[in-house]
Amino acid sequence: MKTPLIVSILLMSVIAVAQEAKYCDLEWCNLPKNHEAHFDPYYNGHLCENFDAKQTDFSKEYLKLQTERLSKIATDITKEIADYKFNTSALFNTGDFQQNGILGLDYKRIRIHISETKQTNGELEFIILGKSNVSSNICDFEGTIKVLNVYEITENYDFPGQATLFAAYEIFEDSTQNHVGVFKGTLECSIVIDHTTKEIMLDESFAMADGYYNRSYVGIWKSYNSTVVKKCIWGDYRLPFTFDFDRGDGEMMVNQKYIENGWTTFANGSEYDFSKDKLRLKNQWWK
């Protein structure tokens, strides 16, 4: 995770929480209903033209929209990279940081830390270990990430090897702990492929760009002990299909009406220390 980007996010958050605005209102949005902006999962302010903000699971829509977009400029090379080496510690593990996400239609904050990843021998499948944190309720989890497709960008592109990985994930929290369940959905991850060494690594080359997102997990959380199913989306930086939750332009900025759902320290930047040119998360809760 790139320190300069985190600093940028914190500065944007400290400056202000995005103001209330009309989203997908005819008086506000003059774009036609079939405009591409209304079908981009990350153009949250336009999504409710064509999607229901109360829908719980967007994993299928996300996969369809993102793969259709890439199929126009990229080639599916999934079979070609079957024997390549994945740098799993960088691709999926979160190191000294955490990923932020939303849980439920009230956009309660969930924090995810992935500590270990192992590739299944001979398969494009990975076992991950980590922890989830919702309102200081910390749960251990173990799950699988199964690669569905890898698209390498080829059309009008000056950066050889840049590609996107799509996978299905299923993650099980420890059933002996409190308020636990299973996460399930679609993962998108930006990668870079070295065809000479046959290595696949995390791609953060656009980490300073406006609207940056990566390692996006889009799906649901289902309780073990009830029929409760909640929308659950997490990742690095911008989050898709969050509608009026994100009022930001270049950076994610939390709508004031959701701040009290666990986002206060994210919005004011107080959960980080910055000294000796290094950013540090104060509460490394997974340790």
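Here is how the numbers come out for the structure above:
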item	result
For a label point 7 Å along the Cα-to-beta-carbon line of residue 176, residues of region 119-160 with backbone N under 14 Å	140-141
Added length on full extension, which subtracts the Cα-Cα distance from 0.36 nm per residue, residue 87 to residue 118	10.2 nm
Length-normalised contact order for region 3-281 - Cα pairs under 8 Å, 6+ apart - percent	23
Inter-part distance where region 126-163 and region 69-114 are each reduced to a Cα centre, Å	2
Kirkwood hydrodynamic radius over Cα pairs of region 3-281, then Stokes diffusion coefficient at 20 °C and 1.002 mPa s, in µm²/s	109
Subset of 108/222; 85/278; 64/198; 131/198; 79/198 violating a 20 Å alpha-carbon distance limit	85/278; 64/198; 131/198
Förster radius 41 Å - calculated FRET efficiency between residue 125 and residue 283, Cβ distance, rounded to 0.05	0.80
Order of 123, 152 under a 10 Å beta carbon neighbour criterion, fewest first	123, 152
Extension gain, residue 72 back to residue 210 (0.36 nm per residue minus Cα-Cα distance, nm)	47.4 nm
Kirkwood hydrodynamic radius of region 185-277, from inverse mean 1/r over distinct Cα pairs, in Å	15.9
Dipole-positive endmost among 128, 216, 82 within the chain (Cβ charges, Cα centre)	128
Residue exposure sequence - 184, 33 - by fewest surrounding Cβ within 10 Å	33, 184
Top of 130, 262, 95 by mean-square fluctuation, Gaussian network on the chain, Cα under 10 Å	95
Order of 67, 242, 120 - criterion: other Cβ atoms within 10 Å of each residue's Cβ, fewest first	120, 67, 242
Helix-derived mean residue ellipticity, 222 nm - over the chain, DSSP H n ≥ 4, -39500 (n - 2.57), to 500	-3500 deg cm²/dmol
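Every number in this text was worked out from the coordinates using simple rules, so none of it is lab data. Keep in mind it's a predicted model, so treat the numbers as computed, not measured. Because the Cβ atoms are built from the backbone with ideal geometry, glycine has one as well, and the counts that use them run over all protein chains shown.
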